[in-house]
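Asker: First, the structure itself, so that you have it in front of you.
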Amino acid sequence: MSDMKNFLQKTKEKIISCGYKITKGDAHKIYAWPDLEELKSAAGEIRERLCGKSIEPCGLINARQGKCPEDCKYCAQSRFWSAACQTKKMMEAGDALKIADQNFSAGVKRICVITSGRGLDGKDFEKALDIIRAIKEKHGSDFSVCASLGILDKERLQKLKEAGASRVANNLETSERYFSEICSTHSYKEKTDYIKSVKEAGLELCSGGILGMGESVQDRIDFALAFSQIQPDSIPVNILSPVKGTPLESAPPLGEESFYRTLALLRFASPKSQIRLAAGRNALLDKGREALLSGANALVSGGLLTLKGGDESSDLKMIESLGGL
């Protein structure tokens with residue numbers, strides 16, 4: 001066999017056996033690999049041999065919604081756009097705990113508290129701490145709590161940690177080159193600086209993005225390679241669901257082949273991270289089952305933010321059928 005034909009298998013084995021980090025040249029070859037099924041299989045093998053067979057579901061608590069001052073072009077919650085999005089004030093701890101309890105009873109052992117806006121502060125931030133404390137006081141170490149509250153300073157990150165949050169989420173969304181096409185009210189550098197602060201605070205990191213926003217193949221490659229450097233604990237992968245009233249309402253659908261190629265590349269670039277299927281997986285013909293055999297090993301289950309998500313019971317049955325529980 002030629003060196004080119006051996007490339008995918010050799011790269012896979014180097015990643016598994018000696019922690020090889022792929023180069024940009026490698027990434028181009030991986031993304032363009034002519035046999036998609038072979039690519040998916042190789043990504044699945046990396047995932048199974050370095051992460052095991054377990055598949056982690058995660059629930060969401062949409063704790064504050066709407067009137068966001070950021071102009072992210074995909075988002076129904078931005079006050080810049082005319083999308084029909086209900087505004088919800090900051091949730092009280094008791095109401096959030098009920099959602100957490102429902103997830104826990106269904107078998108979901110991780111939940112993320114999410115709020116709209118640039119960075120939660122004041123009384124709403126204190127309410128977020130109350131939510132985290134209430135969940136941890138009731139469920140303890142049996143339930144992991146994440147927080148996605150915008151860009152916070154070091155003092156607020158420390159308070160999150162003290163309240164019981166173990167992981168903080170903040171998405172890169174897309175490549176550094178394409179980011180300004182998607183958002184102008186904050187920068188890619190602000191995100192990467194914040195990500196450094198999260199890790200310096202001793203918190204786990206969840207950072208991913210959205211596919212299908214008009215980015216190029218090169219953007220997807222750069223996006224995947226960025227996580228190779230950042231090394232998040234969890235990488236949520238969203239597929240754009242165009243929302244009427246946003247600038248991306250007419251974006252063409254992302255083809256499944258493009259999704260699977262990006263998913264596989266993410267696994268080659270971040271072999272030990274959780275790669276989490278998130279919003280938009282309902283657009284996949286099998287709701288994500290094949291993706292969980294092709295590099296992914298986690299998913300967001302239940303209600304999302306402004307979109308319908310997967311049913312917890314159905315998701316857990318799918319995970320069980322794949323031997324992931």
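Asker: Consider Ile239 carefully, then state whether it is open to solvent by less than 10 Å² (accessible area, probe 1.4 Å), more than 21 Å from Glu38 (Cα to Cα) and within 14 Å of the chain's Cα centre (by Cα).
Answerer: Spelling it out, it is not the case that Ile239 is open to solvent by less than 10 Å² (accessible area, probe 1.4 Å), more than 21 Å from Glu38 (Cα to Cα) and within 14 Å of the chain's Cα centre (by Cα).
Asker: Name the residues in region 21-40 that are touching an Asp or Glu at 6+ places or on another chain (Cβ under 9 Å) and within 20 Å of Ser273 (Cα to Cα), would you?
Answerer: Within region 21-40, Lys24, Ala27, Lys40 qualify.
Asker: Here is a further query. Please go through region 22-48 and give me each residue that is surrounded by 13 or more Cβ atoms within 10 Å (Cβ to Cβ), without any contact (Cβ under 8 Å) to a residue 60 or more places away in the chain and under 24 Å from the mean Cα position of the chain (by Cα), ordered by number.
Answerer: Glu45, Glu48
Asker: Hey, another quick one. List the number of the failed condition for Ser207; all other conditions in (1) under 27 Å from Arg79 (Cα atoms); (2) of a type in the set (Ser, Thr, Tyr); (3) open to solvent by 30 Å² or more (accessible area, probe 1.4 Å); (4) touching a Leu at 6+ places or on another chain (Cβ under 8 Å) hold.
Answerer: Answer for Ser207: the failing condition is (3).
Asker: Only one of (1) of a type outside the set (Phe, Trp, Tyr); (2) crowded, with 16+ Cβ neighbours inside 10 Å; (3) farther than 17 Å from Met213 by Cβ is not met by Ser313, so which one is it?
Answerer: (2)
Asker: Is one or more of the residues making up region 209-228 under 20 Å from Asp121 (Cβ atoms), of a type in the set (S, T, N, Q) and more than 16 Å from the chain's Cα centre (by Cα)?
Answerer: No, region 209-228 contains no residue that is under 20 Å from Asp121 (Cβ atoms), of a type in the set (S, T, N, Q) and more than 16 Å from the chain's Cα centre (by Cα).
Asker: Could you tell me which of the residues Ile22, Ile61 is hydrophobic (A, V, I, L, M, F, W, C) and more than 25 Å from Ser314 (Cβ to Cβ)?
Answerer: None of the other options fit; the residue is Ile22.
Asker: Is there any pair with a first residue in region 9-21 that is surrounded by 14 or more Cβ atoms within 10 Å (Cβ to Cβ) and a second that is among the small types (Gly, Ala, Ser) and assigned to a helix (DSSP H, G or I) whose Cβ atoms are under 7 Å apart and which are 6 or more apart or on different chains, and what are they?
Answerer: Between residues of region 9-21 that are surrounded by 14 or more Cβ atoms within 10 Å (Cβ to Cβ) and residues that are among the small types (Gly, Ala, Ser) and assigned to a helix (DSSP H, G or I), the close pairs are Lys12/Ala42; Lys21/Ser228.
Asker: For region 220-255, how many residues are among the charged types (D, E, K, R) and out of contact with any Asp or Glu (no Cβ under 9 Å at 6 or more places or on another chain)?
Answerer: Of the residues in region 220-255, 3 are among the charged types (D, E, K, R) and out of contact with any Asp or Glu (no Cβ under 9 Å at 6 or more places or on another chain).
Asker: Now for a different question. Confirm whether Leu265 is within 24 Å of Glu38 (Cβ to Cβ) and surrounded by 24 or more Cβ atoms within 10 Å (Cβ to Cβ).
Answerer: Taking the combined requirement at face value, the residue satisfies it.
The values are calculated or read from the model by the stated rules, or taken from the named source; none is laboratory data. In this text, all values refer to a predicted model and were calculated from it rather than measured experimentally. Heads up, the Cβs are rebuilt from the backbone with ideal geometry, glycines too, and the neighbour counts pull from every protein chain shown. Heavy atoms of the whole protein, side chains included, go into the accessibility calculation; ligands, DNA and RNA do not. Shrake-Rupley method; radii C 1.70, N 1.55, O 1.52, S 1.80 Å.
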